[in-house]
Amino acid sequence: MTPTDLTITPRDRRFGRDRATARHWLNGDPIATAFFNALSITFPRGEAYFIDSVRAFRDGVPDRLAGEIAAFIKQEVIHSREHLAFNRQVTDHGYDVSRLDADVTMMLDLAKQRPPIASLAATMALEHFTAILAHELLSDPRHLDGADPESAALWRWHAIEEIEHKGVAHDTWVHATRDWSRFRRWWVKTAMMLVVTKHFLHHRARGMMDLLRQDGITGRRAWGGLLRYALVRPGILRRVARPWFGYFLPGFHPWAVDDRALIALADSPYAHARPGGALPSAA
């Protein structure tokens, strides 16, 4: 269960507004840069979907969870703002992201045709994805070695808050399905994870390949480089395979792995950028 002494804290930061970055901002590596750029393109629309999915079930939840949902929404709104700014830098470097953005829009439009409880299940699965990727990103500094400092700070700050609110969608789901049998709850959430995983990997790989094509990297060179980066060195997808499988265990909870020590990195210099203004409304 979610630790009772956990506090979800929206940290209103602004990153990289007054400086330009290199086109290949991650160690001069087009493969690594494409990996993170393609993820970032999905975030503004994706996080709006997460907010709507959780907000649809916040009425009647316990007071503590209601407060966590409000903080989750604030965090996600700020994340969207900062990734919009980051994505503007991607386009400033000459990348055409229209196909990536259209792909995200198409998938979310399809998702919104399902019942709200299905959207919540999808959000819960994707939040687990982001939490385990965030854990790996913070656990191993090699993932951002040689990165532009402001860009690295953005990704680490985002990762910290993804870990911090990783139980919110899950706890909202448990409350929303409190009248379901344990088997039905397990079956729906695990089936949704399989669907989400298939689409996540397919569409993110397609987006990364699109960006690499714009760098003149295609065919086996692109696929080989991307697979080597994701699965071998540094191998971020390989390294999250075990916690991904954990999602399928009966009685799974995101906080079965208590990684609050990584949240403490919010107090270290790399998590801080210029303070922003007032927090966006959670209404």
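The values are calculated or read from the model by the stated rules, or taken from the named source; none is laboratory data. Quantities reported herein were computed from a predicted structural model and do not represent experimental measurements. Ideal geometry is used to build each Cβ from the backbone, glycine not excepted, and the neighbour counts take in all protein chains shown. These area figures cover heavy atoms from the full protein model, side chains too; ligands, DNA and RNA do not enter into them. Shrake-Rupley method; radii C 1.70, N 1.55, O 1.52, S 1.80 Å.
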Share of the chain's accessible area from carbon and sulfur, percent, 1.4 Å? 59
Tell me the net charge near G225. Cut-off is 12 Å between Cβ atoms, G225 excluded, with +1 for each Lys or Arg and -1 for each Asp or Glu. +2
Whole percent per 5 Å bin, from 0 to the bin with the longest distance: what is P(r) over all C-alpha pairs of region 1-44? 5, 15, 14, 19, 15, 11, 9, 8, 3
Eigenvalues of the alpha-carbon gyration tensor of the chain, times 5 and square-rooted, give semi-axes in Å, largest first, of 29, 22, 18
From phi via Karplus (6.51, -1.76, 1.60), per-residue ³J(HN,Hα) for region 126-137 in Hz, x at Gly/Pro: 5, 5, 5, 4, 5, 5, 6, 5, 5, 4, 5, 4
Find the centroid of the Cα atoms in region 48-73 and in region 180-194, then give the distance between the two in whole Å. 21
In order over region 165-179: 3J(HN,Hα) from phi, Karplus 6.51/-1.76/1.60, θ = phi - 60°, whole Hz, x for each Gly or Pro, gives 9, 5, x, 5, 4, 5, 5, 5, 4, 4, 5, 5, 10, 4, 8
Residues with amide H under 5 Å from that of A147, placed H, sequence gap 5 or more: N27
How much accessible area per residue does the chain have, in Å², with a 1.4 Å probe? 46
Give me the distance in nm between label points sitting 7 Å out from Cα along the Cα-to-Cβ direction at L201 and R220, one decimal. 2.3
Added length on full extension, which subtracts the Cα-Cα distance from 0.36 nm per residue, F245 to L194: 17.3 nm
Just need the relative contact order of the chain here, percent rounded to a whole number, with Cα pairs under 8 Å and 6+ apart. 34
Would you mind getting me the FRET efficiency between L227 and M106? Use the beta-carbon distance for r and R0 = 22 Å, nearest 0.05. 0.30
With contacts defined as alpha carbon pairs under 8 Å and 6 or more residues apart, what's the relative contact order of region 71-178 in percent? 34
Sorted by chain and then number, the residues having a modelled amide H within less than 5 Å of the amide H of R14, at least 5 places away or on another chain, are A273, R274, G276
What list of whole percents do you get for P(r) of region 88-200, with Cα-Cα distances grouped in 10 Å bins up to the one holding the largest distance? 12, 32, 35, 17, 4, 0
When all alpha-carbon pairs of region 1-113 are counted, what percent fall beyond 26 Å? 33
